[in-house]
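Working notes, structure below.
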Amino acid sequence: MPALSMPAGFDFTDPALWGTRNPVQEFAALRRSAPVWWNAQTDEQSGGFRDGGYWVVTKHEDIKEISRKPELFSSQQKGSVIRLPGEVTLEQIELTGALLLNMDPPKHTKIRRIISKGFTPRAVEGLRNALTERAVAIVHAAKKEGGGDFVEQIACELPLQAIAELIGVPQEDRRQLFDWSNQMLNYDDPEYADTTTTTTSNNAFVEVLSYAWNMAEQRRAIPVDDIVSQLVHADIDGDALGSDEFGFFVILLAVAGNETTRNAITHGMKAFVDNPEQWELFKQQRPRTAPDEIIRWASPVTVFQRTATEDTELGGQLIRKGQRVGLFYSSANFDEDAFDRPFEFDILRDPNPHLAFGGTGAHFCVGANLARLEIELMFNALADAMPNLSQIAEPERLSSGWINGIKHWHVRYD
Ligand code: HEM
């Protein structure tokens, strides 16, 4: 295989790179000639990890294989998030092991089983009526403005309302949850740099934790018919989440379920604006395949990482014990070996084996069905109320090493 050279200092998790563009060409070059490629990093680039860099894994097949072997590729050792604020220490990274996303079996298996109770198809379908009303209300409120920032007026609302609905956060506290969630995530973007330091990010973390801890304690004392009561009270196997475990679960929801779905909605609407024939098709047929194509196209999580627990071989490369591998979902979802015409946005695509929710392993997104429902409802509401939505300016991208985000997108609704 020919050696592949990238410009010196090139880093696939550089927030400034993602703030400008998705490195589509570079991913394609890696898939062709170096599917598992060492991305060297300086200590400064690697944030808290200071371990020389990570492997960039770009092929659909390889990402699936890694995701299915948690004993060989740990989520716990260095966590799943590949890019953290520079000043974070390894000890702080270890603390994030309290999040489901960063656990290995057997702990992961146990906590995941309890949490899954809140996300059964029945529990998710149970939210349909309430979320339909909310989606319609969001779109109608925005329409009255005539135009504006699609992200703020439309895309960000339902994901947060859905989580609040799911865990029963009262209406008056929802804005607070939204602010906390932004503060925890946007540490790499200069627009938020003044307001989002590591301190504010940590404060937000602590505030959500104590808010959720109180919720859990209240439900433990007086159970009601909701998911919090269900999670904190022992099931038939005697398993339940402790109040602190519930707190970390809410943090994960506020992070994992919020920004991801918001970006899927924005990227999806942008794809429709760029492909008007697909928008016409959607308005007429509302195909059941549309949400997954929107999610593939958006690939809202660019990458999560694993750490090798022993020396192993992958894609012809020797991965050393302790080295990190980056699972670049945003490359896998455009892998020519897994998709016909990957660069065409095709809402009738079927099958659609995208990896935007992860590589189908133990950590596969627990909120996938909720995300699909939210996207279905938002696009139905948009197609009904804003069939002629148009763009005023190109979207402004978020500078983040692992989220494919859009901060602002100015549009007209009529
Ligand atoms: C389009 C929207 C979404 C995308 C693209 C997405 C993506 C992902 C990905 C890539 C993973 C990790 C998979 C892995 O490591 O193998 C994940 C895990 C997770 N997601 Fe999502 N997610 C979305 C929406 C949601 C929603 C709406 C929720 C909940 C309200 C949610 C909750 C979670 C949780 C709790 C995990 C951790 C699961 C575990 O570690 O066992 N996600 N998600």
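The values are calculated or read from the model by the stated rules, or taken from the named source; none is laboratory data. Remember, it's a predicted structure, so these values are computed and weren't measured experimentally. Note that each Cβ is placed from the backbone with ideal geometry, even for glycine, and that neighbours are counted across all protein chains shown.
Any chance you could count how many residues in the stretch 268-281 are over 15 Å from ARG372 (Cβ atoms) and either touching a helix residue (DSSP H, G or I) at 6+ places or on another chain (Cβ under 7 Å) or crowded, with 24+ Cβ neighbours inside 10 Å (or both)? Can you show your working first?
Going residue by residue through the stretch 268-281, those that are over 15 Å from ARG372 (Cβ atoms) are 269-281.
Applying the additional criterion that residues be either touching a helix residue (DSSP H, G or I) at 6+ places or on another chain (Cβ under 7 Å) or crowded, with 24+ Cβ neighbours inside 10 Å (or both) yields 269, 271-272, 278-279.
Total meeting the criteria: 5.
Consider the stretch 230-274. How many of its residues are β-branched (Val, Ile, Thr) and free of Cβ contacts under 8 Å to residues at least 60 places away in the same chain?
So the first thing to find is which residues in the stretch 230-274 are β-branched (Val, Ile, Thr), and the list is 232, 236, 250-251, 255, 260-261, 265-266, 273.
Filter once more, so that each one left must be free of Cβ contacts under 8 Å to residues at least 60 places away in the same chain: 232, 236.
Result for the stretch 230-274: 2.
Please give the number of the condition ARG306 fails out of (1) surrounded by 21 or more Cβ atoms within 10 Å (Cβ to Cβ); (2) more than 10 Å from the ligand (Cβ to nearest atom); (3) of a type in the set (D, E, K, R); (4) closer than 30 Å to ALA212 by Cα.
(2)
Spot the failing condition for VAL232; the list is (1) at pLDDT 90 or above; (2) among the aliphatic types (A, V, I, L, M); (3) within 16 Å of the ligand (Cβ to nearest atom), and only one is missed.
The single condition VAL232 does not satisfy is (3).
From the set of residues in the stretch 70-119 that are of a type in the set (D, E, K, R) and buried (at least 17 other Cβ atoms within 10 Å of the Cβ), which is nearest to the chain's Cα centre (by Cα)?
Taking the stretch 70-119 first, the residues of a type in the set (D, E, K, R) are 71, 78, 83, 87, 91, 94, 104, 107, 110, 112-113, 117.
This time we only want the ones that are buried (at least 17 other Cβ atoms within 10 Å of the Cβ), so: 78, 83, 104.
Values: LYS78: 18, ARG83: 14, ASP104: 19 Å.
Filtering the stretch 70-119 for residues that are of a type in the set (D, E, K, R) and buried (at least 17 other Cβ atoms within 10 Å of the Cβ), the one nearest to the chain's Cα centre (by Cα) comes out as ARG83.
Looking only at strands (runs of 3 or more DSSP E) that lie completely in the stretch 309-414, which have at least 2 residues being under 25 Å from the mean Cα position of the chain (by Cα) and either away from the ligand (no atom under 16 Å from the Cβ) or surrounded by fewer than 18 Cβ atoms within 10 Å (Cβ to Cβ) (or both)? Show your work before the answer.
Values: elements: 312-314, 317-319, 324-328, 406-408, 410-412.
Qualifying strands (runs of 3 or more DSSP E): 406-408, 410-412.
On the given criteria, is SER67 hydroxyl-bearing (Ser, Thr, Tyr), in contact with a His (Cβ under 8 Å, 6 or more places away or on another chain) and within 21 Å of LEU318 (Cβ to Cβ)? Before the answer, list the steps.
Details: hydroxyl-bearing (Ser, Thr, Tyr): yes; in contact with a His (Cβ under 8 Å, 6 or more places away or on another chain): yes; within 21 Å of LEU318 (Cβ to Cβ): yes.
So SER67 fits the description; yes.
Looking at (1) in contact (Cβ under 8 Å) with a residue 24 or more places away in the chain; (2) of a type in the set (Val, Ile, Thr); (3) closer than 30 Å to VAL228 by Cβ; (4) out of contact with any His (no Cβ under 6 Å at 6 or more places or on another chain), which is the only condition THR58 fails?
Evaluating THR58 over (1) in contact (Cβ under 8 Å) with a residue 24 or more places away in the chain; (2) of a type in the set (Val, Ile, Thr); (3) closer than 30 Å to VAL228 by Cβ; (4) out of contact with any His (no Cβ under 6 Å at 6 or more places or on another chain) leaves (3) as the failure.
Against the definition (surrounded by fewer than 16 Cβ atoms within 10 Å (Cβ to Cβ) and within 14 Å of the ligand (Cβ to nearest atom)), how does GLY146 come out, yes or no? Spell out how you get there, then give the answer.
Details: surrounded by fewer than 16 Cβ atoms within 10 Å (Cβ to Cβ): yes; within 14 Å of the ligand (Cβ to nearest atom): no.
Here the answer is no, as GLY146 does not meet what is asked.
If you scan the stretch 247-262, which residues turn out to be out of contact with any strand residue (DSSP E or B) (no Cβ under 7 Å at 6 or more places or on another chain) and near the ligand (Cβ under 6 Å from one of its atoms)?
Keep residues of the stretch 247-262 that are out of contact with any strand residue (DSSP E or B) (no Cβ under 7 Å at 6 or more places or on another chain), which gives 247-258, 261-262.
Residues satisfying the conditions are LEU252, LEU253, ALA256, GLY257, THR261.
Tell me yes or no: at least one residue of the stretch 362-379 is modelled with pLDDT of 95 or more, of a type in the set (Val, Ile, Thr) and farther than 25 Å from LYS117 by Cα.
No, because not a single residue in the stretch 362-379 is modelled with pLDDT of 95 or more, of a type in the set (Val, Ile, Thr) and farther than 25 Å from LYS117 by Cα.
Within the stretch 1-53, which residues are among the basic types (Lys, Arg) and farther than 21 Å from LYS321 by Cα? Working first, answer last.
Of all residues in the stretch 1-53, those among the basic types (Lys, Arg) come to 21, 31-32, 50.
Selection gives ARG21, ARG31, ARG32.
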